[in-house]
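Report on the following structure.
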Amino acid sequence: MIAVMRIVMAGSSGFLGSHLTTALRERGDEVVRLVRRPATAPDEVRWDPAFGRLDPATLSTVDAVVNLAGAGVGDHRWTARYKQTLIASRVDTTATLATAMAALPRAERPRAFLGQSGVNYYGDTGDTKVDERDPAGEGFLADLCQAWEGATRPAEDAGVRVVRMRTGLPLAREGFLKPLLRVFRLGIGGRLGNGRQYHPWMSMVDWQAALLFLLDRDDISGPVNVVGPEPVTNAEFTRALARVLHRPALFPVPKFALRVVIGEFSTDALASVRVMPAVLTASGFTYRYTDVTSALRAGLAR
């Protein structure tokens, strides 16, 4: 039986962080939440990652640190200023945490650091399957993921077990699905571009289970693709969502129209990322939802 853990979390108020906080507390773990405003609750500690400010004592003798912080990739058009926000919200938070861990005496350092990253690390892979052994791709998000992961280095050099979680698209009413649900329920949903690009989805239940699995497994470190067992094309995903919602999917969004609406981000939105969870599979992780239709049903029922 796994002992109760004490975990410090950055990004606990976000879509993924709130789900993980609930899952951890339900199994009896203690979660200390890092906040950028004055702390107002006993489980909160203030920090300022923009200036690298975090008292290392906050991380002393905790079992693990989890970083899920980061501004939304699709929340705004990618102006030069917002690109800097995307970078700083990921790299600065990670570097602040990793540096604070390294500053502690060895006996007081957390045993594990789970740092968020993304499947965009691999760039556009087309029809080719890739896993954790494959190199980084090209493009803004691929470069961002490399910098994001690189910021964990001080913790790794200090002997902390570092897991770099390259997460796909967890399926729940919030997050990635939220804008899609609006248009599909109006009956105007459809595939993006030609629909042949692959999407690495994962059920929210399995995403939470995978995070707990990675926290508990002291023998897993390095990059881990936190995705479902088999990515699907955008056309397949679109048809599955339409079936679950009992709506048509008749209105494809042309590439040029997507470019007009969301700008440079359209290049990554139309990228094909056929990512496989080799490390999770080899480590014995068991998926509850192995197909995208059942994962969508479960996510929308929550």
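The values are calculated or read from the model by the stated rules, or taken from the named source; none is laboratory data. Just so you know, these numbers come straight off a predicted model, no measurement behind them. Note that we place each Cβ from the backbone using ideal geometry, even for glycine, and neighbour counts take in every protein chain shown.
A compact table of results
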read-out: The stretch 98-136, residues that are surrounded by fewer than 21 Cβ atoms within 10 Å (Cβ to Cβ), in a helix (DSSP H, G or I) and touching a helix residue (DSSP H, G or I) at 6+ places or on another chain (Cβ under 7 Å); value: T99, A102, A103
read-out: Those residues of the stretch 61-97 which are in a helix (DSSP H, G or I) and touching a residue at least 40 places away in the same chain (Cβ under 8 Å), in sequence order; value: K83, L86, I87, R90, V91, D92, T93, T94, A95, T96, L97
read-out: Filter pass, T93 being crowded, with 16+ Cβ neighbours inside 10 Å, in contact with a Pro (Cβ under 7 Å, 6 or more places away or on another chain), more than 14 Å from F140 (Cα to Cα) and of a type outside the set (A, V, I, L, M); value: yes
read-out: Enumeration of residues in the stretch 25-47 that are in contact (Cβ under 8 Å) with a residue 40 or more places away in the chain and within 22 Å of E108 (Cα to Cα); value: W47
read-out: Selection within the stretch 15-47 - out of contact with any Ser or Thr (no Cβ under 6 Å at 6 or more places or on another chain) and buried (at least 19 other Cβ atoms within 10 Å of the Cβ); value: L16, G17, H19, L20, L24, D29, L34, W47
read-out: Subset of the stretch 191-230 (residues that are buried (at least 17 other Cβ atoms within 10 Å of the Cβ) and on the phi > 0 side of the Ramachandran plot); value: G193, G195
read-out: Conditions (1) more than 28 Å from G299 (Cβ to Cβ); (2) under 23 Å from the mean Cα position of the chain (by Cα): number failed by L16; value: (1)
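For every residue, the table says whether it meets (1) at negative phi; (2) at pLDDT 90 or above; (3) under 20 Å from the mean Cα position of the chain (by Cα).
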site	(1), (2), (3)
V232	yes, yes, yes
A235	yes, yes, no
A249	yes, no, no
P252	yes, no, no
F265	yes, no, yes
A271	yes, no, yes
G284	no, yes, no
A295	yes, yes, yes
G299	yes, yes, yes
